[in-house]
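None of the figures in this text is laboratory data; all of them are computed from the coordinates on show. Just so we're clear, the structure is a prediction, and the values are computed from it rather than from any experiment. Glycine gets a Cβ as well: all are built from the backbone with ideal geometry, and neighbour counts include every protein chain shown.
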Amino acid sequence: MRIPFIAGNWKMYKTTAEAKAFAEEFKKLYSGTDVKTAICAPFTQLQALVEAFKGTGIGVGAQNMHFEEQGAFTGEISAAMLSEIGVDYCIIGHSERRQYFAETDETVNKKLKKAFEAGIIPIMCVGETLEQRDAKKAFEVVGTQLNRGLEGIAPQQAQTLVIAYEPVWAIGTGRTATPEQANEMCAFIRKTLEELYSEDAADAVIIQYGGSVKPANATDIMNMDEIDGALVGGASLKPQDFMAIIDF
Ligand code: PGA
């Protein structure tokens, strides 16, 4: 039985003061739900959120990390630095990182390995562009991202993964994949995991959909068989909206 997991991705929004105000408000709203949740925040807000969410069951995630343990990598943050302050998750390979910061399936692969070593649960993002979907290449693209990204990752690790299917054309555009389109790709991702690992491992992996998820469409998305959760950008910035998604 997979427990639904809905994570917020704040991207480059909110100061520490704003993050603390969000946490206080959100803690009042979040109680007694069967859905797991986490907020993936900018680096400088992580410690404050870990403090604020202590004992609540609400997780905290980063949005990126480096694939080396330490070294002369100006401006970078390692997985061990994240786990030291109590961070639970890290988004890896978000399409904005692939698009603007030259991340590749290879760097995603290296980051996944380091995250696992440090005890951080990766939220690995995959997804096709509109051009690729129109050219009927969506499944091929996502299949390649999975195959290359997961190379050399052991089954015991893979089964603790969270995978977020985020079609690039649906991120921040207000244009969502239909629940059926999202479900079809999430089923394909699970089948690919089964081929790479085993049925048991594939069954254990949480597969989220991300891309313009909001209170109004969360129920339809979350009710699909193969979709176990959501990665929510814009709508995770307001406690009421994010809670309405968790309460789908
Ligand atoms: P969005 O972003 O919900 O604002 O479309 C999702 C994401 O990029 O993770």
Inter-label distance for Lys27 and Asp225, nm, one decimal - labels placed 7 Å from Cα along Cα-to-Cβ: 4.1 nm
Amide H contacts of Val232 (H built 1.01 Å from N, under 5 Å, at least 5 apart or other chain): Ala7, Gly8, Asn9
Violating pairs (Cα-Cα greater than 24 angstrom) within the set Lys111/Lys238; Lys36/Lys238; Lys113/Lys191; Lys28/Lys238; Lys54/Lys110; Lys11/Lys191: Lys111/Lys238; Lys54/Lys110; Lys11/Lys191
GNM flexibility winner over the chain from Phe139, Phe26, Phe73 (Cα, springs under 10 Å): Phe73
Cα principal axis extents for region 1-85, largest first, Å: 45, 36, 21
Gaussian network model of the chain, springs between alpha carbon atoms under 10 Å - residue of Ala72, Ala21, Ala80 with greatest fluctuation: Ala72
Per-residue Cβ neighbour rank within 10 angstrom, fewest leading, Ile121, Ile245, Ile163: Ile121, Ile245, Ile163
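Between Lys20 and Asp34, what length in nm is gained on full extension when 0.36 nm per residue of separation is reduced by their alpha carbon distance?
Working: separation 14, 0.36 × 14 = 5.04 nm, distance 2.39 nm.
2.6 nm is the gain from fully extending Lys20 to Asp34.
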Relative contact order for the chain, counting Cα pairs under 8 Å that sit 6 or more residues apart, in percent: 21 percent
Note, ³J(HN,Hα) from phi for region 159-176, Karplus 6.51, -1.76, 1.60, rounded to Hz, x at Gly and Pro: 6, 9, 5, 10, 10, 10, 8, 10, x, 4, 6, 9, 8, x, 9, x, 9, 8
Dipole magnitude (debye, nearest 20) for the chain, charges at Cβ of Lys, Arg, Asp, Glu: 620 debye
Cα centroid of region 53-82 to Cα centroid of region 217-239, whole Å: 24 Å
Radius 13 Å from Cβ of Asp203, net charge of other residues (Lys, Arg +1; Asp, Glu -1): -3
Residue-by-residue Karplus 3J(HN,Hα) for region 98-113, coefficients 6.51, -1.76, 1.60, Hz, glycine and proline x: 5, 6, 9, 10, 6, 6, 10, 4, 5, 5, 4, 4, 5, 5, 4, 4
Proxy reagent accessibility, fewest Cβ within 10 Å first, across Ile92, Ile85, Ile227, Ile207: Ile85, Ile227, Ile207, Ile92
Local electrostatic count, Val168, Cβ distance below 10 Å [Lys/Arg +1, Asp/Glu -1]: -2
Local electrostatic count at Cys186 - Lys and Arg +1, Asp and Glu -1, tallied over other residues with Cβ under 9 Å: -3
For the chain, diffusion coefficient by Stokes-Einstein and Kirkwood Rh (Cα), 37 °C, 0.692 mPa s, µm²/s: 183 µm²/s
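Provide the FRET efficiency to the nearest 0.05 for the Gln156-Ile3 pair, computing r from the beta carbons and using R0 = 22 Å.
For Gln156 and Ile3, the calculated efficiency is 0.70.
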Region 90-159 - percent relative contact order, Cα under 8 Å, separation 6 or more: 36 percent
Interchain or long-range residues, amide H under 5 Å from Ile92's placed H: Ile123, Met124, Cys125
